[in-house]
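This report concerns only the one structure given below.
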Amino acid sequence: MESRTTVDGWWQRLGFALLPSRCLLCRGAGKRRRDLCAACETDLRPNATACACCGEPLALAQDWCGRCLKRRPAFQSTWAPLLYAPPLSGLLTRFKFAGDLAAGRVLAELALDHWHRQAPARPEALLPVPLHVDRLCERGYNQALELARPLARGSGITLLPDALRRERATPAQSGLSALARRRNLKGAFRVRDGIVLPAHVALVDDVMTTGATAQECALALRRAGVGRVDIWAIARAPSRN
Ligand SMILES: [Zn+2]
Ligand SMILES: [Zn+2]
(Lines give C-alpha, C1' and ligand atoms only; values in the text may rest on other atoms or scores of the structure.)
(Ligands and ions follow the chains in the order given, each with its own letter.)
Protein backbone atom coordinates (compact mmCIF):
# COMPACT_ATOMS: atom_id res chain seq x y z
CA MET A 1 0.00 0.00 0.00
CA GLU A 2 2.78 2.31 1.00
CA SER A 3 4.82 1.65 -2.13
CA ARG A 4 1.75 2.17 -4.27
CA THR A 5 1.19 5.57 -2.71
CA THR A 6 4.82 6.43 -3.33
CA VAL A 7 4.65 5.34 -6.95
CA ASP A 8 1.40 7.23 -7.44
CA GLY A 9 2.98 10.31 -5.93
CA TRP A 10 6.07 9.93 -8.09
CA TRP A 11 3.99 9.35 -11.22
CA GLN A 12 1.83 12.34 -10.43
CA ARG A 13 4.86 14.56 -9.96
CA LEU A 14 6.35 13.33 -13.21
CA GLY A 15 3.10 13.98 -15.09
CA PHE A 16 2.90 17.40 -13.53
CA ALA A 17 6.40 18.24 -14.68
CA LEU A 18 5.93 16.95 -18.22
CA LEU A 19 2.49 18.21 -19.12
CA PRO A 20 2.47 21.85 -20.14
CA SER A 21 -0.22 23.85 -18.36
CA ARG A 22 -3.09 25.05 -20.54
CA CYS A 23 -5.34 28.01 -19.84
CA LEU A 24 -8.83 26.68 -19.06
CA LEU A 25 -10.37 29.80 -20.56
CA CYS A 26 -8.53 30.34 -23.88
CA ARG A 27 -6.43 27.14 -24.24
CA GLY A 28 -3.28 29.29 -24.46
CA ALA A 29 -0.13 28.45 -22.51
CA GLY A 30 -0.61 28.64 -18.74
CA LYS A 31 1.35 30.93 -16.49
CA ARG A 32 3.77 29.34 -14.02
CA ARG A 33 2.30 25.80 -14.22
CA ARG A 34 -1.18 27.15 -13.62
CA ASP A 35 -4.08 26.32 -15.92
CA LEU A 36 -4.71 30.01 -16.52
CA CYS A 37 -2.76 32.39 -18.75
CA ALA A 38 -1.52 35.85 -17.75
CA ALA A 39 -3.94 37.62 -20.14
CA CYS A 40 -7.03 35.79 -18.80
CA GLU A 41 -5.90 36.42 -15.25
CA THR A 42 -5.87 40.16 -15.88
CA ASP A 43 -9.48 39.86 -17.13
CA LEU A 44 -10.58 38.83 -13.61
CA ARG A 45 -12.13 41.85 -11.95
CA PRO A 46 -11.07 42.72 -8.41
CA ASN A 47 -13.72 43.56 -5.81
CA ALA A 48 -11.80 46.71 -4.98
CA THR A 49 -14.36 49.02 -3.35
CA ALA A 50 -16.59 46.88 -1.19
CA CYS A 51 -18.47 47.01 2.11
CA ALA A 52 -16.03 45.90 4.82
CA CYS A 53 -18.81 43.94 6.48
CA CYS A 54 -20.69 42.11 3.70
CA GLY A 55 -18.32 42.54 0.73
CA GLU A 56 -21.04 44.11 -1.42
CA PRO A 57 -19.35 45.87 -4.36
CA LEU A 58 -19.83 49.62 -3.98
CA ALA A 59 -19.37 52.40 -6.52
CA LEU A 60 -17.37 54.50 -4.05
CA ALA A 61 -15.08 53.50 -1.22
CA GLN A 62 -16.89 53.55 2.10
CA ASP A 63 -16.62 51.38 5.18
CA TRP A 64 -20.03 49.76 5.45
CA CYS A 65 -22.93 49.68 2.98
CA GLY A 66 -26.32 51.14 3.89
CA ARG A 67 -27.83 47.72 4.49
CA CYS A 68 -25.17 46.63 7.01
CA LEU A 69 -25.39 50.00 8.77
CA LYS A 70 -29.15 49.56 9.09
CA ARG A 71 -29.02 45.98 10.23
CA ARG A 72 -25.73 44.58 11.43
CA PRO A 73 -25.17 41.01 10.14
CA ALA A 74 -24.17 38.14 12.47
CA PHE A 75 -20.76 38.03 10.74
CA GLN A 76 -18.16 40.73 11.19
CA SER A 77 -16.34 41.04 7.89
CA THR A 78 -16.17 39.61 4.40
CA TRP A 79 -13.07 38.91 2.37
CA ALA A 80 -14.08 38.34 -1.28
CA PRO A 81 -11.20 39.47 -3.50
CA LEU A 82 -12.86 39.10 -6.94
CA LEU A 83 -16.13 40.11 -8.56
CA TYR A 84 -18.49 37.40 -9.72
CA ALA A 85 -18.37 38.31 -13.42
CA PRO A 86 -17.13 36.68 -16.63
CA PRO A 87 -14.68 35.02 -17.10
CA LEU A 88 -14.43 34.06 -13.40
CA SER A 89 -18.13 33.16 -13.22
CA GLY A 90 -17.54 30.63 -16.04
CA LEU A 91 -14.79 28.92 -14.04
CA LEU A 92 -16.98 28.83 -10.93
CA THR A 93 -19.90 27.31 -12.87
CA ARG A 94 -17.65 24.65 -14.37
CA PHE A 95 -16.27 23.83 -10.93
CA LYS A 96 -19.62 23.78 -9.16
CA PHE A 97 -21.97 22.25 -11.69
CA ALA A 98 -19.85 20.42 -14.24
CA GLY A 99 -17.44 18.55 -11.97
CA ASP A 100 -14.44 20.40 -13.41
CA LEU A 101 -11.90 19.97 -10.63
CA ALA A 102 -9.14 21.61 -12.69
CA ALA A 103 -11.24 24.81 -12.55
CA GLY A 104 -11.49 24.29 -8.78
CA ARG A 105 -7.72 24.01 -8.50
CA VAL A 106 -7.21 27.28 -10.41
CA LEU A 107 -9.79 29.00 -8.19
CA ALA A 108 -8.08 27.75 -5.03
CA GLU A 109 -4.67 28.93 -6.32
CA LEU A 110 -6.11 32.37 -7.12
CA ALA A 111 -7.71 32.57 -3.67
CA LEU A 112 -4.39 31.76 -2.03
CA ASP A 113 -2.53 34.38 -4.15
CA HIS A 114 -4.99 37.06 -3.06
CA TRP A 115 -4.87 35.84 0.54
CA HIS A 116 -1.09 36.31 0.60
CA ARG A 117 -1.38 39.79 -0.91
CA GLN A 118 -4.29 41.06 1.15
CA ALA A 119 -3.78 39.22 4.44
CA PRO A 120 -7.33 39.35 5.85
CA ALA A 121 -7.69 39.12 9.66
CA ARG A 122 -6.44 35.70 10.73
CA PRO A 123 -9.09 33.39 12.20
CA GLU A 124 -8.30 30.39 14.39
CA ALA A 125 -10.16 27.98 12.11
CA LEU A 126 -11.69 27.71 8.64
CA LEU A 127 -15.09 26.09 8.18
CA PRO A 128 -16.52 25.36 4.73
CA VAL A 129 -20.20 26.17 4.15
CA PRO A 130 -21.67 22.67 4.30
CA LEU A 131 -23.74 20.98 1.62
CA HIS A 132 -26.68 18.82 2.56
CA VAL A 133 -25.79 15.13 2.33
CA ASP A 134 -28.21 14.61 -0.61
CA ARG A 135 -26.54 17.38 -2.62
CA LEU A 136 -23.11 16.02 -1.65
CA CYS A 137 -24.04 12.57 -2.99
CA GLU A 138 -25.32 14.12 -6.20
CA ARG A 139 -22.25 16.31 -6.82
CA GLY A 140 -19.61 14.09 -5.24
CA TYR A 141 -17.78 16.95 -3.52
CA ASN A 142 -18.44 20.13 -1.59
CA GLN A 143 -17.03 23.02 -3.62
CA ALA A 144 -16.59 25.12 -0.45
CA LEU A 145 -14.49 22.39 1.17
CA GLU A 146 -12.40 22.00 -1.99
CA LEU A 147 -11.54 25.72 -1.72
CA ALA A 148 -11.12 25.71 2.06
CA ARG A 149 -8.67 22.79 2.04
CA PRO A 150 -5.87 24.48 0.01
CA LEU A 151 -6.50 27.79 1.82
CA ALA A 152 -6.01 26.02 5.15
CA ARG A 153 -2.89 24.26 3.89
CA GLY A 154 -1.40 27.43 2.40
CA SER A 155 -2.17 29.62 5.41
CA GLY A 156 -1.49 27.12 8.17
CA ILE A 157 -4.96 27.76 9.65
CA THR A 158 -6.80 24.76 11.12
CA LEU A 159 -9.55 23.34 8.92
CA LEU A 160 -12.72 22.09 10.62
CA PRO A 161 -14.44 20.36 7.71
CA ASP A 162 -17.41 18.87 9.58
CA ALA A 163 -18.11 21.28 12.42
CA LEU A 164 -21.12 22.83 10.74
CA ARG A 165 -23.94 20.70 9.35
CA ARG A 166 -26.67 21.44 6.88
CA GLU A 167 -29.72 19.95 8.49
CA ARG A 168 -32.25 20.59 5.79
CA ALA A 169 -32.00 20.16 2.04
CA THR A 170 -33.08 23.53 0.70
CA PRO A 171 -34.16 24.23 -2.87
CA ALA A 172 -31.50 25.88 -5.05
CA GLN A 173 -30.97 29.49 -4.08
CA SER A 174 -30.32 30.89 -7.55
CA GLY A 175 -33.23 32.88 -8.92
CA LEU A 176 -34.65 33.65 -5.46
CA SER A 177 -34.88 37.15 -4.00
CA ALA A 178 -32.87 37.99 -0.89
CA LEU A 179 -35.99 37.71 1.27
CA ALA A 180 -36.95 34.33 -0.22
CA ARG A 181 -33.36 33.12 0.29
CA ARG A 182 -33.46 34.07 3.94
CA ARG A 183 -36.78 32.28 4.49
CA ASN A 184 -35.54 29.28 2.54
CA LEU A 185 -32.51 28.92 4.82
CA LYS A 186 -33.97 29.62 8.25
CA GLY A 187 -32.64 27.04 10.70
CA ALA A 188 -30.89 25.07 7.92
CA PHE A 189 -27.49 24.95 9.69
CA ARG A 190 -26.39 23.57 13.04
CA VAL A 191 -23.07 23.08 14.80
CA ARG A 192 -22.35 19.39 15.30
CA ASP A 193 -22.87 18.19 18.87
CA GLY A 194 -19.77 17.98 21.04
CA ILE A 195 -17.65 20.30 18.87
CA VAL A 196 -15.78 23.05 20.70
CA LEU A 197 -15.20 25.97 18.39
CA PRO A 198 -12.53 28.68 18.75
CA ALA A 199 -13.50 32.31 19.40
CA HIS A 200 -12.78 33.50 15.84
CA VAL A 201 -13.58 31.49 12.71
CA ALA A 202 -13.91 32.18 8.98
CA LEU A 203 -16.57 30.51 6.94
CA VAL A 204 -15.41 29.60 3.42
CA ASP A 205 -17.69 29.59 0.38
CA ASP A 206 -17.15 29.81 -3.37
CA VAL A 207 -19.39 32.80 -4.11
CA MET A 208 -21.27 35.15 -1.84
CA THR A 209 -24.42 36.52 -3.42
CA THR A 210 -27.00 38.01 -1.05
CA GLY A 211 -25.23 36.94 2.12
CA ALA A 212 -28.28 34.91 3.22
CA THR A 213 -26.27 31.66 3.56
CA ALA A 214 -23.45 33.50 5.33
CA GLN A 215 -25.93 35.06 7.74
CA GLU A 216 -27.64 31.75 8.61
CA CYS A 217 -24.31 29.95 9.12
CA ALA A 218 -22.98 32.83 11.22
CA LEU A 219 -26.12 32.77 13.38
CA ALA A 220 -25.66 29.05 14.04
CA LEU A 221 -21.98 29.60 14.93
CA ARG A 222 -22.72 32.56 17.20
CA ARG A 223 -25.41 30.52 18.96
CA ALA A 224 -22.75 27.87 19.57
CA GLY A 225 -20.57 30.47 21.32
CA VAL A 226 -18.26 31.71 18.54
CA GLY A 227 -17.40 35.37 19.18
CA ARG A 228 -16.42 36.42 15.68
CA VAL A 229 -17.36 34.98 12.30
CA ASP A 230 -15.79 36.27 9.08
CA ILE A 231 -16.78 35.24 5.57
CA TRP A 232 -14.18 34.23 3.00
CA ALA A 233 -15.32 33.71 -0.59
CA ILE A 234 -13.35 33.80 -3.81
CA ALA A 235 -15.98 36.02 -5.44
CA ARG A 236 -18.75 38.43 -4.53
CA ALA A 237 -21.81 38.91 -6.71
CA PRO A 238 -23.62 42.21 -6.36
CA SER A 239 -26.84 41.39 -4.48
CA ARG A 240 -30.10 42.23 -6.18
CA ASN A 241 -32.12 42.43 -2.93
ZN1 LIG B 1 -6.18 32.37 -21.19
ZN1 LIG C 1 -22.59 45.62 3.71
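The values are calculated or read from the model by the stated rules, or taken from the named source; none is laboratory data. Since the model is a prediction, treat every value here as computed from it, not as a measurement. Note: ideal-geometry Cβ built from the backbone for every residue, glycine included; neighbour counts use all protein chains shown. Protein only, heavy atoms only, side chains kept; ligands, DNA and RNA dropped before computing areas. Shrake-Rupley method; radii C 1.70, N 1.55, O 1.52, S 1.80 Å.
Results, tabulated for the structure shown:
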quantity	calculated
Helix-only CD estimate at 222 nm, as mean residue ellipticity for the chain, using -39500 (n - 2.57) per DSSP H run (n ≥ 4)	-12000 deg cm²/dmol
Degrees between helix 212-223 axis and first principal axis of the chain (Cα, 0 to 90, nearest 10)	70
Rounded Å value of the spacing that divides the Cα centres of the stretch 63-89 and the stretch 18-44	28
In degrees, nearest ten, helix 101-118 long axis to first principal axis of the chain (Cα)	70
Carbon plus sulfur fraction of accessible area for the stretch 47-236, probe 1.4 Å, in percent	53
Under Karplus coefficients 6.51, -1.76 and 1.60, residue-wise ³J(HN,Hα) of the stretch 44-60 in Hz, glycine/proline x	6, 9, x, 8, 7, 10, 9, 5, 5, 8, 10, x, 4, x, 10, 5, 10
Among 52-65, 120-133, the order from most to least packed when residues are scored by Cβ within 10 Å on average	120-133, 52-65
Magnitude of the charge dipole, the chain, Cβ model with Lys/Arg +1 and Asp/Glu -1, debye to 20	500
Cα-based reach from residue 186 at 26 Å (exclusive), listing lysines while leaving out same-chain residues under 8 positions away	70, 96
Most mobile of 211, 140, 187 in a GNM of the chain (Cα contacts under 10 Å)	140
Cα-derived Rg over Rh, computed across the stretch 86-241 with Rh taken as Kirkwood radius	0.93
Signed unit charges on C-beta, dipole axis of the chain, positive-most listed residue 140, 126, 164	164
Rounded tilt (10° steps) of 143-155 against the dominant C-alpha axis of the chain	80
Mean Cα-pair separation over length for the stretch 47-236, i.e. relative contact order, pairs under 8 Å, 6 or more apart, %	27
